[in-house]
Structure formats: C-alpha cells, structure tokens
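The values are calculated or read from the model by the stated rules, or taken from the named source; none is laboratory data. All values derive from a computational prediction rather than experimental measurement. Note that we place each Cβ from the backbone using ideal geometry, even for glycine, and neighbour counts take in every protein chain shown.
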Amino acid sequence: MDWSTHLTGFFKAVANDARMSPAHISLYMALFHLYLKNGTQNGVFFSSYEVMPLAKIDSRATYHKCLRDLVECGYIEYVPSYNPFLKNLAYLKEKQ
C-alpha cells in the first residue's frame, strides 16, 4: 500500500462522509502514525493508552465510539485482544 495514495483516498472519502468528525479523523491519523512507525506494514498493534494521547482524545467513551464508527464505516478492521497484556490490532483499509 502506497501511503501517500492511501492518505489521499482517506481524506477524499472522509470529506464526503458526514458521519466522520474531527475526533474520528484524529484517531485514524494516530493509527496511521503507528502504521508509518511500524515500517508501513499493515496490521497496527496498539493500546488505547498509547493511541488516545496521540489522537488528543481524553474520554474513553469518545475513543470507543470513534473506533466503532471507523469500523462500521469501513475505514479500519479492528481485532480486539481482550487481554490487558496484549495489544489490539487494526488494519487500515484503502478508500478509493
């Protein structure tokens, strides 16, 4: 996945999606940052404690709502770990 094309597609899609708020975009960008930090390998391992400060989201309710909305709207695929010692996994989906 070419990261510049991916990012351009994301912003085009989100510009026309009334469901996406600045908090959604911020959370996606935090996940995208971890994707780049991971060497552009899709499949981003993360915890809420590391991604919430990156996204500037203070409320756990807002974090969970945005995460759920990103999944439902097809921007990411989310695989929760349910284990406090293991990180969650997200796959960033390409938008055309």
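The figures follow:
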{"read-out": "Evaluation of A15 against (1) surrounded by 13 or more Cβ atoms within 10 Å (Cβ to Cβ); (2) out of contact with any Lys or Arg (no Cβ under 6 Å at 6 or more places or on another chain) (one fails), failing number", "value": "(1)"}
{"read-out": "Of all residues in region 18-55 being out of contact with any helix residue (DSSP H, G or I) (no Cβ under 9 Å at 6 or more places or on another chain) and at pLDDT 90 or above, the one that is surrounded by the fewest Cβ atoms within 10 Å (Cβ to Cβ)", "value": "A18"}
{"read-out": "Matching residues, region 19-51, being among the small types (G, A, S) and within 17 Å of T62 (Cα to Cα)", "value": "S21, A23, S26, A30, S47, S48"}
{"read-out": "Region 64-78 - residue that is surrounded by fewer than 12 Cβ atoms within 10 Å (Cβ to Cβ) and farther than 16 Å from F32 by Cα and, of those, farthest from the chain's Cα centre (by Cα)", "value": "E72"}
{"read-out": "Region 27-59, residues that are in contact with a Lys or Arg (Cβ under 6 Å, 6 or more places away or on another chain) and among the hydroxyl-bearing types (S, T, Y)", "value": "S47"}
{"read-out": "Qualifying position, being aliphatic (A, V, I, L, M) and over 15 Å from A90 (Cα atoms), among M52, M20", "value": "M20"}
